[in-house]
Every structure is written in C-alpha cells, then in structure tokens.
Amino acid sequence: MIKRATDVLGVLERALTVIAAVALFAIMALVVADVFMRYVMNSPFSFTYDLIGLYLLAAVFFLTLSDTLRVHAHVGVDILLSRFPPAGRRLSEIVTALTGLFVFVLICKVGFERALENYEQHDVLAGAIAWPTWISAALVPFGCGVLVLRLALQLVGNVLSLVSGRDLFPLPPVNETGEAHSFE
C-alpha cells in the first residue's frame, strides 16, 4: 500500500514539476522578448512583470516543493545522521515529518482562506491588466497540500518501518564523507 501511494504521488509530483519547468521556460522567454521589445523596438510589454511576478514565479516555487522533497534535494543538515542507527534515523525522519506537517498544514489553511477571500472579493492586481490574484494565491495551498501528502506518506512509512523492524519505506541517503550531495 505504501509503495502504491508513493508511486501515485510521484506521478503527480513529476507532472507538477513539468508544469513548473514550462513556467520557468515561459519566464525566460518573456524576459528575453521583453528586453528585445524594450531596447530594440522601444515598445516593452506592459504585462511581463505582473505575469511573471504574480503567476509564473509562484508556480515554479510551489509546484516543485513536494517533488524536491521526494528526491531529497531540499537543504538538509545531516551531520549526525551518519552516526545514528537505522532506528534513530527513522525517529529523526518521523520528527521531521511531524514538524513539516504542522507547519505546512497551517500554510495550507491560511493560503486556502486567502485564495478563497481573493476569489470571493474578485481581487485583482492594479495595473495594465487586471490580473485576478486568487489564482496566484491558490498555488500556495495547492503546492503545499501536495507537500503535506508527501510528508504524511513519509510519516506513515517511517512509523510502519520502525514498528515492524522492516524497511517498508526507504530512508533518505546520508552523505558520510562530509561533501555535498550530487543530484544528477
């Protein structure tokens, strides 16, 4: 069951990362086009800054949170973990997941309330184009919600592994040399 849930969540996380990569490419293309229009044609786009700042950067950040945790690419301090026995590492992962769940459930709750309020009040960004702000605000609880699912899965997997004494859920890699991890 844990394996199946991990696989299903992994598919969602990778799909969101692809969307975030498209958003990042769109940011690069818009900046290049806007610079060209500004300095060569003397007619910059009026929407670039708002579109990038309101939607695309939020998508890049929040849609990749969970997938980044899945591949263990978040910054981590694992100075002592290499000295812990597997049960100690599991306990460390459980504490980390519980702490992360507490924080990100709160972020989801507040983010959802803000997005809903922006939607109900028809809140828009003042500028050349009246961009609705609820879409950007909704990216926060959505991205953090997927991260909450990942953290809950890690919590359950590590608790079951600790209780059963079997490796039902993989522990993250520990760097024993003191050098930075390489993510290829």
Handout entry: Solvent-accessible ranking of Leu12, Leu147, largest area first, probe 1.4 Å
Key = Leu12, Leu147
Practice task
With N set to the residue count of the chain, report its C-alpha Rg divided by 2.2 N^0.38 Å to two decimal places.
Solution key: 1.28
Exercise for the section: Using a 1.4 angstrom probe, figure out how much accessible area segment 34-76 has per residue, in square angstrom, rounded to the nearest whole. Expected result: 61
Practice task
Give the span of segment 1-96's Cα atoms along each principal axis, as three whole-Å numbers ordered largest to smallest.
Solution key: 64, 32, 16
Exercise for the section: Kindly sort Leu149, Leu16 by accessible area of their heavy atoms, largest first, with the probe set to 1.4 Å. Expected result: Leu149, Leu16
Exercise for the section: Can you work out the accessible area per residue across segment 86-179, with the rest of the protein chains kept in place, probe 1.4 Å, in square angstrom? Expected result: 59
Exercise for the section: Please report, as a whole percent, how much of the solvent-accessible surface of the chain comes from carbon and sulfur atoms (probe radius 1.4 Å). Expected result: 70
Exercise for the section: Report Rg(Cα)/(2.2 N^0.38 Å) for segment 88-184, keeping two decimals. Expected result: 1.52
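Would you be so kind as to identify all helices of the chain, as entire DSSP H runs, whose Cα atoms reach 27 Å or more along the helix's own axis and whose mean Kyte-Doolittle hydropathy is at least 1.0? Intermediate values should be presented prior to the final figure.
On the way: long enough: 2-39 (55 Å, 1.44); 86-120 (49 Å, 0.57); 133-164 (47 Å, 1.64).
Qualifying helices, which must be both long enough and hydrophobic enough, are 2-39, 133-164.
With all pairs of different alpha carbon atoms counted, what Kirkwood hydrodynamic radius in Å does segment 43-112 show? Working shown, then result.
Numbers: mean 1/r = 0.0656 Å⁻¹.
Computed over Cα pairs of segment 43-112, the Kirkwood hydrodynamic radius comes out at 15.2 Å.
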Problem - Highest-first arrangement of 73-86, 158-171, where packing means the average Cβ count within 10 Å - result: 158-171, 73-86
Practice task
Return a whole-number percent for the relative contact order of segment 40-156, with Cα pairs under 8 Å and 6 or more residues apart as the contact set.
Solution key: 40
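The values are calculated or read from the model by the stated rules, or taken from the named source; none is laboratory data. Since we're looking at a predicted model, the values are computed, not measured. Neighbour counts run over all protein chains shown; Cβ positions are idealised from the backbone, glycine included. The accessibility values were calculated without ligands, DNA or RNA, using every heavy atom of the protein model including side chains. Shrake-Rupley method; radii C 1.70, N 1.55, O 1.52, S 1.80 Å.
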